[in-house]
Structures are given as structure tokens and as C-alpha cells.
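Each remark here refers to the structure printed beneath this line.
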């Protein structure tokens with residue numbers, strides 16, 4: 001189960017709950033990149049720029065075994081780093097955790113230190129990035145779920161149902 005979406009969409013929060021519910025492992029791709037680089041994500045951005053980080057992100061994704069059950073929270077820009085965003089489907093079902101721009105912007109306030117793309121960016125620049133990435137998320141996703149309309153626990157349950165691992169109510173995304 002692969003979670004994609006913009007910064008602040010809840011990928012890490014939903015992913016950890018989903019892993020606990022499903023009894024399978026959880027991996028945050030940003031954490032794997034940082035671990036393999038031996039430094040934090042903002043330090044990688046400072047030293048190597050966004051292109052260097054995206055290269056590392058692709059390599060980290062490719063290093064993960066295919067076919068093993070895993071909940072994977074990706075970085076918000078992974079779809080920009082892949083030649084074919086749809087290739088994520090080779091690794092599992094892809095869930096786009098979507099949210100409205102105004103909710104994303106509110107959730108991102110005060111997180112600039114941990115999110116290098118926000119450092120010094122105006123709201124208009126962040127919104128442009130938000131809008132630019134949406135087609136990539138749509139192309140890569142098997143399912144789209146609104147995380148501003150449901151809590152993390154409810155979103156995790158919907159993903160369980162869509163993955164055939166749980167029983168739930170109603171349709172997913």
C-alpha cells in the first residue's frame with residue numbers, strides 16, 4: 001500500500017495507523033532517504049538541492065523489495081522524480097491522499113524547518129507546486145481519498161477496505 005500526496009496530506013500519520021491496523025510494516029520514504037544519506041532531509045536539500053534529493057528518493061524506492069507487504073508513505077514530490085508515476089503500481093496499490101489547497105496551507109504552517117521546499121516560499125509559490133503535482137498524483141493513483149474530509153483513522157480504514165484487508169462501510173474515494 002503506497003501513499004502519495006502533497007505535503008501535509010497525512011501520509012505519515014495515516015501510514016502508521018494503517019500499518020498498525022493491517023499488521024504489516026511501515027516505511028516513510030523520507031526517513032529511508034535520510035538514513036541512507038546519513039543526514040536529515042533539509043541537510044540533503046542544502047547540500048545536493050532538490051534534484052539530488054529526488055535522485056536519492058528514486059534510488060531508495062528502487063531498493064525496496066517488490067512484492068513484500070509494506071505500507072509506504074512517499075515524499076510529496078516523488079511523482080516528480082519518477083519517469084513514469086504509474087510505475088508505482090508495480091509495487092502495490094497506490095492511494096492518493098488528497099486535500100483542498102486551503103487545508104494543505106493551514107497544515108503546513110510552522111513546518112518550514114522540516115520541509116525545505118517551504119523555506120522562503122510564498123503562499124502563491126506553494127500553491128503553484130500543489131497544483132502542478134496534482135496531475136502526477138492522479139496518474140499514479142489507484143484510489144483518491146480526501147484527508148480533509150475524514151480523520152486519519154477513518155482514511156486508514158477506507159484503505160484497508162480498498163485493499164481487501166478489512167470490512168467497511170460504503171465506497172472508497
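The values are calculated or read from the model by the stated rules, or taken from the named source; none is laboratory data. In this text the structure is predicted, and so the values were computed from the model without any measurement. Neighbour counts run over all protein chains shown; Cβ positions are idealised from the backbone, glycine included.
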Residues of the range 153-166 classified as in contact with a helix residue (DSSP H, G or I) (Cβ under 7 Å, 6 or more places away or on another chain) and modelled with pLDDT under 90, total: 2
Qualifying residue in the range 35-49 (condition: at pLDDT 85 or above, touching a helix residue (DSSP H, G or I) at 6+ places or on another chain (Cβ under 8 Å), crowded, with 16+ Cβ neighbours inside 10 Å and under 30 Å from residue 163 (Cα atoms)): no
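Quick check on this structure: which one of 104, 124, 141 is on the phi < 0 side of the Ramachandran plot and free of Cβ contacts under 8 Å to residues at least 12 places away in the same chain? Step through it out loud before you land on a result.
On the way: 104 fails: free of Cβ contacts under 8 Å to residues at least 12 places away in the same chain; 141 fails: free of Cβ contacts under 8 Å to residues at least 12 places away in the same chain.
Checking each option against the conditions leaves just 124.
Which residue out of 92, 8 is touching a strand residue (DSSP E or B) at 6+ places or on another chain (Cβ under 7 Å) and touching a residue at least 12 places away in the same chain (Cβ under 8 Å)?
Working: 8 fails: touching a strand residue (DSSP E or B) at 6+ places or on another chain (Cβ under 7 Å).
Result of the check over 92, 8: 92.
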The range 77-89, residues that are within 13 Å of the chain's Cα centre (by Cα), surrounded by fewer than 22 Cβ atoms within 10 Å (Cβ to Cβ) and in contact (Cβ under 8 Å) with a residue 40 or more places away in the chain: 77, 80, 85
Lone unmet requirement of (1) surrounded by 19 or more Cβ atoms within 10 Å (Cβ to Cβ); (2) touching a helix residue (DSSP H, G or I) at 6+ places or on another chain (Cβ under 8 Å) for residue 19: (2)
Filter result (surrounded by fewer than 18 Cβ atoms within 10 Å (Cβ to Cβ) and either modelled with pLDDT of 90 or more or under 14 Å from the mean Cα position of the chain (by Cα) (or both)) within the range 90-102: 93, 100, 101, 102
Condition check for residue 151: buried (at least 16 other Cβ atoms within 10 Å of the Cβ) and under 18 Å from residue 11 (Cα atoms): no
